[in-house]
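These notes concern the structure reproduced below.
The values are calculated or read from the model by the stated rules, or taken from the named source; none is laboratory data. Nothing here was measured: the structure is a model prediction, and the numbers come from that model. Every residue, glycine among them, receives a Cβ derived from its backbone with ideal geometry; neighbour counts consider all protein chains shown. Protein only, heavy atoms only, side chains kept; ligands, DNA and RNA dropped before computing areas. Shrake-Rupley method; radii C 1.70, N 1.55, O 1.52, S 1.80 Å.
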Amino acid sequence: MEEMPEKIEIRQRFPEWREMLKPVKKFEEGRLSYISLPKQVDSEFFKMPFGDVERDLHDLKLPENWKELFLEAMKETLEKNRAFKLFMDICVRCGACADKCHYYIGTGDPKNMPVGRAELIRSVYRRYFTLSGKIFGKWAGARELTEDVVRELYYYAYQCSLCRRCSLFCPYGIDTAEIVWWLRRILSRIGLNQRFMTISIEASARTGNHLGLLPGGMAGAIQQGLEELKDVTGFDLHTYINKKGADVLFVAPSGDYFATPHWFVMLGYLLLFNELEEKYGLTVTWSTYASEGGNFGTFHSYEAAQLLNSKIYKEAERLGVSFIIGGECGHMWRDKHQFINTMNNPPKNEEWKRFWENPDLGELAEGLRGVRFDSYASGEHGWIHILEFTAALIEHKKITLDKSRNDHWAATYHDPCNVARGMGLIEEPRYVLRNVMNKFYEMPEHTIKEKTYCCGAGGGLLADEIMDLRMRGVMPRMMAARHVYKKYGVNILLTPCAIDKAQFPHALEYWKIPIEVGGPMEMVGNALVLTAFGEKPEDRQYDLRGEPLNKEEGE
Amino acid sequence: MIGVIFGVIVPYIAVAIFVVGVIYRFINWANSAVPLKIPTTGGQQKSLPFIKRTIYDRFDSPYTWWETVGRMILEIFMFRSLLKNTRYYLDRVSQKDARWLWLFAILFHYSLLLVLIRHSRFFLQPVPEFVEMLSEIEAFKGVFIPSVYVSGLAIVAGLFLLWLRRIFLSRERTLSLPSDHFALILLLAITISGNIMRYFFKADLEKVKELLMNLMVFDVGKAVAIADSIEPIFYVHFVLASFLLAYFPFSKLMHAGGVLFTPTRNMPNDNRARRHVNPWDSDPSVPILAKGITVGGKTFTSKKLDWDTYYSMYTDQLDEIAESDYKIAPEEL
Ligand code: HEM
Ligand code: SF4
Ligand code: SF4
């Protein structure tokens, strides 16, 4: 772990427009991401152009005709993506988006304003693709593409977490995340990729998941979870992996297999699936091949995203499942809601087709009749979020819950950016939380739901070397968390996102807010009464963290 | 002579540039593909029946075609996204309302709309009833003599407010390019010259109308004849406006048409019900990277990890899983 910055000073600067067009030469400590090494981007399974050269930002070692290649890639992007083209053209620089970015708030760097970030590439666009830019040059806000400009583009493209908060407030919906995403793709065409994300992309292209877990390792991790659950519940539970003929394929972000506090969410999933199988006969399987729900490819480019998410529908088809449930993860749901069924052909197996003709869980397990998904999903997509699924089970009274088992928690809920602004999953988690716990409090209105602030580590920015940026970017979220901690005594920050769960523990420590981090499915796991196993509400002695539930008075 | 150049030649060229330019831009945007369905969801998605959506959710996170149209209409006529505007101050938990930006923008654009509608009386014969009526209403007919059109003054005020914002607020000053100031200055010049003509140095409006009517039917001979008899002050206004028309397609003013094209607003949030097909990847059975991408004449192909490859790489471990009948249970002690 890189050193955390001792002290943060936010120095706002307001240079004049001419300076905004000049590339910065000095890169702040803790904000510059490392560039990929050949083993990540010249690998057999993930081969990027010019990935065979080791480079760093001071010595880019660009291919000889890099300028031509850059402009060619840019031209291609303008043709291939209307959003990118339009967003180059129609910004009026009204500044409505400027202070909506948590990185701008945290750094005060004017080029971290969403519009400032977009202008970095827009100025190049004007110079090479517009008449006024060609004629009037800098007076039309245009600038030459130089190596320094490329450095700057890289530096700021990797200070955006693709959170889309700016897009929400822009009168034309200009989505700087979209601009940055395609800019990263252009940069990757001349050999510049960010190391942190490509480590995971390469691993996932080679093994099926970001962590590079092999089949045995993944099965072992899940087995360990079952062993812990035996200690907590006293029951012998089980689950399936790579099982043909299961009803449902379950796909979680791979962080859930190992990391803490992700782990407790994983235990929650396992409890739910066991209760459903024992009580109703619904079978859920994991897959070692489709073992990654998250998709770091979505931080890099359309093509990288597709390379990674192409496995999942294929696996659903191979196993013959009826639909797919996805776990708790943020960017994953941008991918699994908006991208996956465009980037791939949906499964065509018989079970899938039959189920989606009448998508009632009763078709798979009679006792679950009435739980349906056709109000918003179809066989052309086929993914259901675990919290939507759980909410439906609760609404139809298919599972028994004991809220009081979560009485030692006072929770607040953080909406992951892409779940809120790339999907619209806002009320389902709240519905679930209100049903599994008694103490649930909201953070201030301008920091939640569609206006939610990023954790500061999304979009590939969970890298250790940019800890300064991460701790700054998370500030607005932390201030909101501190507010509810002081006001309501909140002691856990719940979030259905694997990156959040990795970032928040550091952030809370850094900003000195003594609360825990967890996920909604952990709370579900605590409250879920395993009636099918003969469990009574009062039987459970421990929560999923192994803490005794009935602490002695005065402890 | 002045009349012929500024009253006939310049406006013809300007209108031609405007029309061709705008059409070109529209075609240019429309020709660019839409690879993904990427609405920015500003509210609760349509999901399970018991998850209630408010009326705001339906427009901010539209699911049907109608809801999407509603969202666009609210954006275009209400500047709905701008209406959410806040300003962040470094006292960290609070966020201040900044809807004045919305107010200025609305003030300017609606005044502009009114002014344009009133201008239509120079182009239409007979003048439509509602244009007359609108003019009378907004001038509070009979209160002032000569009547004062509110929108004509409001547009100047609106433009000044928007400009002052760019001059005095540090963030906006940093962001503003010369072209941003230029657009405002140009519009100010047009509107101020228009007001001057109206209240101080009057031009003969009958003749102006005649000129425009003849220009519109391409009766160049008559237009030339009238052009020279109109007062110079008119040409100040007229030339500036012509310039605006010619400038329009190449500038940020194109946001007016662009807002219709914006994929984060004009697409419904129904990805899971209806599949979107990417025109340049319409049969995605093999990932693009596995087919190979060509950059600078070299092709880069990533090996595809299909199940068979995967199985051949990790056969032992996968067989072990198969031996346990694909079941994981706690280890027997
Ligand atoms: C469908 C029509 C239009 C919509 C939805 C629209 C929307 C907007 C919005 C939301 C802003 C940003 C707020 C601001 O900075 O004031 C803006 C700015 C602006 N609009 Fe429009 N607009 C439209 C048509 C036009 C037209 C026809 C013109 C002029 C000829 C125009 C000229 C401007 C100018 C000059 C600004 C910039 C103000 C500044 O620089 O501060 N707009 N527009
Ligand atoms: S809010 Fe939109 S139009 Fe305004 S400056 Fe930002 S990106 Fe440009
Ligand atoms: S997407 Fe998020 S991180 Fe990126 S510029 Fe916009 S607000 Fe900032």
Review point. Under a Cβ-Cβ cut-off of 11 Å, what is the net charge of the residues other than A:Y280 that fall near it, where Lys and Arg count +1 and Asp and Glu count -1?
Key: -2
Practice item. Give me the number: length gained by fully extending A:S404 to A:K25, i.e. 0.36 nm times residue separation minus the C-alpha to C-alpha distance, one decimal in nm. Key: 130.7 nm
Point to revise | Rg over Rh [alpha-carbon atoms, Kirkwood Rh] for the stretch A:200-397 | key: 0.94
Check your understanding: Within chain B, what's the longest stretch lacking GluC sites (Glu not before Pro) that sit in DSSP loops with no more than 15 other Cβ atoms inside 10 Å?
Key -> B:1-330
Review point. So which of A:K67/B:K298; A:K80/A:K311; A:K47/B:K291; A:K75/B:K303 end up more than 20 Å apart by C-alpha?
Key: A:K80/A:K311; A:K75/B:K303
Point to revise | Angstrom value of the Kirkwood radius, inverse mean 1/r, which spans all Cα pairs in the stretch A:403-539 | key: 15.4
Check your understanding: Based on the inverse mean of 1/r over its pairs of different Cα atoms, what is the Kirkwood hydrodynamic radius of the stretch A:341-395, in Å?
Key -> 11.9
Exercise for review: Compute the Rg to Rh ratio over the stretch A:209-250 from the alpha carbon atoms, using the Kirkwood formula for Rh, and round to two decimal places.
Suggested key: 1.03
Exercise for review: Using only Cα atoms, figure out Rg for the stretch A:351-467 and give it as a multiple of 2.2 N^0.38 Å.
Suggested key: 1.30
Practice item. Report the extension gain between B:M1 and B:E136 in nm, rounded to one decimal, defined as 0.36 nm multiplied by the number of residues separating them, less their alpha carbon distance. Key: 45.0 nm
Point to revise | Fraction of alpha-carbon pairs over 38 Å apart in chain B - percent | key: 42
Review point. What are the ³J(HN,Hα) values, in whole Hz, obtained from phi via the Karplus relation 6.51 cos²θ - 1.76 cosθ + 1.60 with θ = phi - 60°, for each residue of the stretch A:291-299 in sequence order, with x given for Gly and Pro?
Key: 9, 10, x, x, 8, 5, x, 6, 8
Review point. Could you name the lysines in cross-link range of B:K222, using Cα to Cα under 19 Å and dropping any fewer than eight places away on the same chain?
Key: B:K207, B:K209
Study note, to complete from the structure: In chain A the cysteines whose Cβ sits 4.7 Å or more from every other Cys Cβ are A:C91, A:C94, A:C101, A:C160, A:C170, A:C329, A:C455, A:C497
Point to revise | 0 to 90° range, to nearest 10: angle between helix A:386-395 axis and chain A longest Cα axis | key: 40
Exercise for review: Provide the per-residue ³J(HN,Hα) series for the stretch A:352-358, in order, calculated from phi with Karplus coefficients 6.51, -1.76, 1.60 and θ = phi - 60°, each as a whole number of Hz, with x at glycine and proline positions.
Suggested key: 4, 4, 4, 4, 6, 5, 9
Review point. For the stretch A:476-555, which trypsin sites (Lys or Arg not before Pro) are in a loop by DSSP, counting at most 12 other Cβ atoms within 10 Å?
Key: A:K512, A:K551
Check your understanding: Name the GluC sites (Glu not before Pro) in the stretch A:60-91 that are in a loop by DSSP and that have at most 14 other C-beta atoms within 10 Å, would you?
Key -> A:E64
Review point. How far is helix A:475-488 tilted, in degrees, relative to the longest principal axis of the Cα atoms in chain A, given as a value from 0 to 90 rounded to the nearest 10?
Key: 40
Revision key, fill the gap. On the formula 1/(1 + (r/R0)^6), with r taken between the Cβ atoms of B:L153 and A:W139 and R0 of 35 Å, the FRET efficiency rounded to 0.05 is 0.65
Practice item. Take the alpha carbon atoms of the stretch B:309-333, find their center, do the same for the stretch A:233-273, and report the distance between the two centers in whole angstrom. Key: 16
Review point. Which value, in square angstrom to the nearest 100, describes the accessible area buried between chains B and A on both sides, using a 1.4 angstrom probe?
Key: 10500
Revision key, fill the gap. Whole-percent tail of the Cα-Cα distance distribution for chain A, cut at 39 Å, equals 27
Practice item. For the stretch A:1-120, would you read off the P(r) tail past 19 Å as a percentage of all alpha carbon pairs? Key: 66
Review point. For B:T86, which sequence-distant residues (separation of 5 or more, or a different chain) have an amide H within less than 5 Å of its own amide H, given hydrogens modelled in the peptide plane?
Key: B:A98
Practice item. Take every residue in peptide B:173-185, count the Cβ atoms of other chains within 10 Å of its Cβ, and give the average of those counts. Key: 6
Check your understanding: When the accessible area of the stretch A:324-453 is split by element with a 1.4 Å probe, what percent falls to carbon and sulfur?
Key -> 45
Exercise for review: At most 10 other Cβ atoms within 10 Å and a DSSP loop assignment: could you name the trypsin sites (Lys or Arg not before Pro) in the stretch A:8-64 that fit?
Suggested key: A:R11, A:K25, A:K26
Exercise for review: Apply the Karplus parameterisation 6.51 cos²θ - 1.76 cosθ + 1.60, with θ equal to phi minus 60°, to every residue of the stretch A:255-267 and state each ³J(HN,Hα) to the nearest whole Hz, in sequence, with x for glycine and proline.
Suggested key: x, 5, 6, 9, 6, 10, x, 4, 3, 5, 6, 4, 5
Check your understanding: Hey, what number do you get for chain A at 222 nm if only DSSP H runs of n ≥ 4 count, each worth -39500 (n - 2.57), divided across all residues, to the nearest 500?
Key -> -13000 deg cm²/dmol
Point to revise | chain B - accessible surface per residue (Å², probe 1.4 Å) | key: 50
Check your understanding: Around A:Q194, which amide H atoms from residues at least 5 apart in sequence, or from another chain, sit under 5 Å from its own amide H, with H modelled in the peptide plane?
Key -> A:S36
Review point. Where the centre of each part is set by its Cα atoms, how far does the stretch A:323-358 sit from the stretch A:1-68, in angstrom?
Key: 35
Revision key, fill the gap. Given backbone amide H placed at 1.01 Å from N, residues whose amide H is under 5 Å from that of A:L282, ignoring those fewer than 5 places away on the same chain, are A:E277
